[in-house]
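A short worksheet on the structure shown next.
Every read-out reported here was derived from the displayed coordinates using simple, explicitly stated rules and does not represent laboratory data. From a predicted model like this one, the values you see are computed outputs, not experimental measurements. With ideal geometry, Cβ positions are generated from the backbone for all residues, glycine too; neighbour counts draw on all protein chains shown.
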Amino acid sequence: MKYQIHHRTVYRYTEPVIRSVHELRLAPRSGPLQQVHQWQLSVPGNLSEALDGFGNIVHQFTLARPADTITIAASGEVEITPAADADGCFSDAPPPGEARVSPLYFRSGTPLTSAPAELSAFAAPYLAAGHEPAALLALAQAIGERVRYQPNATDVGTSAAEAFALGAGVCQDQAQVMVAACRAFGVPARYVSGYFHDPAATELASHAWADLCVDTERERWCSIDVTHGCFTDTRHIRLAVGRDYRSAAPIRGVREGGGTESLSVQILIEPV
């Protein structure tokens, strides 16, 4: 599948922002599951570009003049090429000359992805005997039942432990619970931010799922969408990976001034 994607984020403030610094992970990268044919960003400042240690394309810009509205837009064309292996696995080793963190780095927890005893006990029947893709998928489906999808039940600061205790959350929470559960059993797991194409949806939003490493030496991963209880497929467009939401968030930033902030996001995904 090939998609044309338009993503527009508008921040509005009750008082002028005096100065702001922004970090974007809004540029998808070509890899084993997708090819980016074109992509462009539009921001009210000069962009710098770099790769982070996870292999993500990262842009930064600073706005040093007063502004009561900041608009960030991204658009382009991405072709999805699903994993060739029957079990949904794919190799994601860095290309020659590029340095990335080892998959083993994704075995350690973060404040957002620590696993309390209750979560470890919940995951044990699925992972105690190993972490084959079928077992990982069964765990993801169980998490989807245990942490029900419920909009506005959580926020971006909600941890996996909190969402698991609450029994509700959004895709971000379900993905972080999956990541926390796998790491508790030594399985390298990374959080993925991106898009999900749902032709029936009236409003689209960013999406999140999890990558699980089934072979650290060969850097083989399987990618599982907890919200939909499936391996990722031609509906999933990847933006960035990280240890949790914070390190893979599409937009992060700090500001001076601005008063109260309001946010509006518009995402359009059209098959080509």
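Laid out as a table, the results:
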item	result
Translational D in µm²/s for the chain (Stokes-Einstein at 25 °C, 0.890 mPa s, Kirkwood Rh from C-alpha pairs)	128
Theoretical gain in end-to-end length, Arg12 to Ala124 [0.36 nm per residue, Cα-Cα removed]	35.8 nm
For the range 87-245, the spread of Cα positions along each principal axis, largest first, Å	42, 37, 27
Angle in degrees between helix 117-127 and the longest Cα principal axis of the chain, rounded to the nearest 10	60
Approximate spin-label separation Ala64-Val272, in nm, with each point projected 7 Å along Cα-to-Cβ	3.8
Residue-wise HN-Hα coupling along the range 98-110, computed from phi with Karplus coefficients 6.51, -1.76, 1.60 (Hz; x: Gly, Pro)	9, 9, 9, 5, 5, x, 4, 4, 8, 8, 8, x, 9
Under 19 Å from the Ser91 label point (7 Å along Cα→beta-carbon), backbone N, the range 23-38	30-35
Alpha-carbon Rg with Dmax, taken over the range 146-238, Å	13.3, 43
Filtered GluC sites (Glu not before Pro), the range 175-272: DSSP coil and at most 14 other beta carbons within 10 Å	Glu203, Glu217
Among Gly144, Gly194, Gly31: highest mean-square fluctuation, GNM of the chain, C-alpha pairs under 10 Å	Gly31
With Cα atoms, 0 to 90° folded angle of helix 171-184 axis to the chain main axis	40
Full-stretch length increase - Leu166, Arg19 - with 0.36 nm per residue and alpha-carbon distance subtracted	49.2 nm
Approximate spin-label separation Glu217-Ser30, in nm, with each point projected 7 Å along Cα-to-Cβ	3.1
